[in-house]
1. Which ones in the range 162-174 are more than 12 Å from the ligand (Cβ to nearest atom) and either within 15 Å of residue 103 (Cα to Cα) or at pLDDT below 85 (or both)?
2. Condition first: more than 16 Å from the ligand (Cβ to nearest atom) and not in a loop (DSSP other than H, G, I, E, B). Now tell me which residues in the range 178-217 satisfy that.
3. Does residue 73 meet the test of being surrounded by 13 or more Cβ atoms within 10 Å (Cβ to Cβ) and free of Cβ contacts under 8 Å to residues at least 60 places away in the same chain?
4. Among the residues of the range 194-213, count how many are at pLDDT 90 or above and out of contact with any helix residue (DSSP H, G or I) (no Cβ under 7 Å at 6 or more places or on another chain).
5. Residue under question is residue 25, and the condition is that it be surrounded by fewer than 15 Cβ atoms within 10 Å (Cβ to Cβ) and within 30 Å of residue 212 (Cβ to Cβ); does it hold?
6. Report, by residue number, each residue of the range 106-128 that is out of contact with any strand residue (DSSP E or B) (no Cβ under 9 Å at 6 or more places or on another chain) and buried (at least 20 other Cβ atoms within 10 Å of the Cβ).
7. Are there any pairs, at least 6 apart or on different chains, whose C-beta atoms fall under 6 Å, with the first in the range 32-53 and at pLDDT 95 or above and the second in a strand (DSSP E or B) and within 9 Å of the ligand (Cβ to nearest atom), and if so, which?
Ligand code: DC
């Protein structure tokens, strides 16, 4: 594939979509395949949620959360076994970052303009040569509007709930499918209806419905979109 670059000289593949659409897994696989950097932007919102608990900042204190977000000292370290460490300062908080509770808090604080503004700069700093695969809700619409490749991954709410349920069971977390479904519906509503950077495909995004597709099938389709888009430029 020709390594074509965008206006800032560094190509970005933006992968957005709702929870359970598979974007995290797909973004990881694509970044490894291309040998590019990865930005898991959801993890940054989750980290603000964890940092708020560590620093005892009230979850209604938007200015305080904005300051925390602006000063976030974060480092992602991939391990040889495929797992990942997420350092907040010197502490590995990966397991706290991935809990359902943290996801819920992240979704709430992600609606706060001061938190979003504070994380903007940090997210842009992930754009380094040879390229970036960025996964989130507003990568193509807000953070990297000039990304040459924008993909919006989606799947039916039922399928996303089933995937999330399986993932949680795999982690040994005992939760019912109806509870996961309700949670996904609530998160969708909050992420879609918020005033700032709501979850919505960028006008120039390619929409990929992954309902009924395996991870490998989605990865192949995404690789094909990336190859085609970069070759056309
Ligand atoms: O993708 P995730 O579940 O790790 O994201 C957690 C929450 O963070 C999600 O419910 C909404 C928010 N988020 C966001 O608002 N913008 C992003 N680019 C990524 C995540």
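The values are calculated or read from the model by the stated rules, or taken from the named source; none is laboratory data. Only a predicted model underlies this, so the values are computations on that prediction, with no experimental measurement involved. When we count neighbours, we look across all protein chains shown, and the Cβ atoms used for this are built from the backbone with ideal geometry, even at glycine.
1. Answer for the range 162-174, where residues must be more than 12 Å from the ligand (Cβ to nearest atom) and either within 15 Å of residue 103 (Cα to Cα) or at pLDDT below 85 (or both): 165, 168, 171, 173.
2. Keep residues of the range 178-217 that are more than 16 Å from the ligand (Cβ to nearest atom), which gives 178-179, 203-204, 206-209, 211-217.
Within the range 178-217, 178, 179, 206, 207, 208, 209, 215, 216, 217 meet the criteria.
3. Here the answer is no, as residue 73 does not meet what is asked.
4. If we filter the range 194-213 for residues that are at pLDDT 90 or above, which is where we start, we get 201-213.
So of that shortlist, the ones also out of contact with any helix residue (DSSP H, G or I) (no Cβ under 7 Å at 6 or more places or on another chain) come out as 201, 203-204, 207, 209, 212-213.
Number of matching residues: 7.
5. Numbers: surrounded by fewer than 15 Cβ atoms within 10 Å (Cβ to Cβ): no; within 30 Å of residue 212 (Cβ to Cβ): yes.
Taking the combined requirement at face value, the residue does not satisfy it.
6. Correct list: 106, 107, 109, 110, 112, 115, 116, 118, 119.
7. So the pair list comes out as 39/134; 40/135; 41/136; 42/136.
Quick grid of which residues meet (1) away from the ligand (no atom under 16 Å from the Cβ); (2) closer than 30 Å to residue 220 by Cβ:
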{"site": "22", "(1), (2)": "no, yes"}
{"site": "43", "(1), (2)": "no, yes"}
{"site": "50", "(1), (2)": "no, no"}
{"site": "53", "(1), (2)": "no, no"}
{"site": "59", "(1), (2)": "no, no"}
{"site": "71", "(1), (2)": "yes, no"}
